[in-house]
Amino acid sequence: EKGGYDHFMMKEMMEQPKAMNDAITGRCSGNSVLFSGLHLDSEMMKHINRIQIVACGTAYHAGMVGKYYFEKFARVSVEIEAASEYRYKNPIVDKNTLLIVISQSGETADTLAAIRLAKDKGAWVLAVTNVVGSSIAREAQDVIYTNAGPEIAVASTKAYVTQVGCMLLLASYLGQLNGKLGENDAARLCHGLSITSGLIETVLDNQDKIKKFADANHEIYDLFYLGRGLDYCTCLEGSLKLKEISYIHSEAYAAGELKHGPIALIDEGTIVVAVCTQEHVFEKMLSNIKEVKARGAYVLAIVQQAHEEIASEVDEVWTIPNMDDDITPIPTVVYLQLLAYYLAVARDCDVDKPKNLAKSVTVE
Ligand code: F6R
């Protein structure tokens, strides 16, 4: 049942190239995105003056990537909130609001409550979910399925990459509806999405060095992830994955925030994973790396191949192939999933069933 792997999590990480293809197939043709069956159209979009994204945990991190994409490609401003916060704060929501919820299981209690609250106030609710016929799929007015296939391991992996893929498709779709997405961007994004599955494979092929790093460092008691923009979202997801399955404390920071406090925690030998895949902030990341190096940190940098020269500034480099900066979150997070996995295995943790966690959180 685990397809020959030791854990469902590994099986599901290995299924990511196929899951990505299944998420995209039929939705991207040439330069345009199409979601068959979606009611949301350009007429409805004219009345939408507020977009909110609500989700929990890993799905919330996919939503953060989504916010970045929606703002960049559809030029609409987006609010994002954890479902457990949204539902208890009398949110500003009305008939001109588009609420986008993201949920792998489609059963998360807080997310479901957020849908009910927003619908009562007249919002249009679009759900991005993996489970056909789930409560969230049934209660939302529009549904986009992520098509990742069943996810058994508690730690979400293939569901996340497909959620991110769907965020990019949806951002392009909204940009098409409101006329804000340029033709060049449309073609660029469709092409980018079409090659993500191969990009994930190149990361999956690098497991030896990830395992080696994990075996050498499994006694660490904390880990820092630093990134900017899209890389910051990837850092948050990597940090959650690590806490969840290896029980190692970790923090993810927007790298520019470092000097506002957390840098005090960086000491001799502290491991810092610096995710630097975004060209427009690459130099800024380099400065942050120098700051932590000056305090003795051991820096592992993740960069696109074109920036391999960063090796002279850091202790270890993991590369992804050169690609469009907007699609880097998809292959990059796979490195962080594998890092969490191999650290958990090296620490003898029950990878598929971490303590105190359930696959779907149907109670508050
Ligand atoms: C992390 C994880 C959780 C879920 C969260 C939301 O690996 O699995 O953080 O992402 O409980 O679950 P769904 O997406 O089913 O609403």
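Descriptive notes on the structure:
- Note on region 96-219: percent of Cα-Cα distances in each 10 Å bin, starting at 0 and stopping at the bin with the largest distance, equals 12, 31, 30, 19, 7, 1.
- Square roots of five times the Cα gyration tensor eigenvalues for region 275-364, Å: 30, 17, 13
- Only helical runs count toward this figure. For the chain, summing -39,500 (n - 2.57) over DSSP H runs of n ≥ 4 and dividing by all residues gives -13500 deg cm²/dmol at 222 nm.
- Think of a 1.4 Å ball rolled over the protein heavy atoms: region 17-60 then has 48 Å² of accessible area per residue.
- Residue 38 paired with residue 71, simple spin-label distance in nm, labels 7 Å along Cα-to-beta-carbon: 2.1 nm
- When the chain is reduced to its Cα atoms, the Kirkwood hydrodynamic radius in Å: 20.7 Å
- FRET efficiency, residue 208 to residue 49 (Cβ-Cβ, R0 51 Å, nearest 0.05): 0.50
- For region 199-253, GluC sites (Glu not before Pro) are listed when DSSP marks them as loop and at most 15 other Cβ atoms sit within 10 Å of their Cβ; the list is 219.
- For peptides 18-26, 305-313, 91-99, sequence by mean Cβ density within 10 Å, most packed first: 18-26, 91-99, 305-313
- For the pair residue 348 and residue 152, label points projected 7 Å from Cα toward Cβ lie 2.5 nm apart.
- The alpha-carbon of residue 18 sits under 18 angstrom from the alpha-carbons of these aspartates and glutamates, leaving out residues fewer than 8 places away in its chain: 1, 151, 201, 205.
- Residues with amide H under 5 Å from that of residue 80, placed H, sequence gap 5 or more: 53
- Modelled spin-label separation between residue 6 and residue 284, with each label point placed 7 Å from Cα along the Cα-to-Cβ direction: 3.9 nm.
- FRET efficiency, residue 29 to residue 178 (Cβ-Cβ, R0 22 Å, nearest 0.05): 0.65
- Accessible area of region 152-309 divided out per residue, in Å², using a probe of 1.4 angstrom: 38 Å²
- Cβ crowding within 10 Å averaged over residues, with 57-63, 266-272, 4-10 ranked highest first: 57-63, 4-10, 266-272
- Relative contact order computed over the chain (Cα-Cα under 8 Å; 6+ residues apart), in percent: 20 percent
- Label-reachable residues, region 48-63, where backbone N falls under 13 Å from a point 7 Å from residue 79's Cα toward its Cβ: 49-54
- Of the accessible area of the chain, computed with a 1.4 Å probe over protein heavy atoms only, carbon and sulfur atoms account for 49 percent.
- Of all aspartates and glutamates in the structure, the ones whose alpha carbon falls short of 20 Å from that of residue 95, not counting any fewer than 8 places away in one chain, are 41, 43, 79, 81, 120, 139, 142.
The values are calculated or read from the model by the stated rules, or taken from the named source; none is laboratory data. Since the structure is predicted, the reported quantities are computational estimates derived from the model, not experimental observations. Positions of Cβ are backbone-derived with ideal geometry, glycine not excepted, and every protein chain shown enters the neighbour counts. For accessibility, only protein heavy atoms count, side chains too; no ligands or nucleic acids. Shrake-Rupley method; radii C 1.70, N 1.55, O 1.52, S 1.80 Å.
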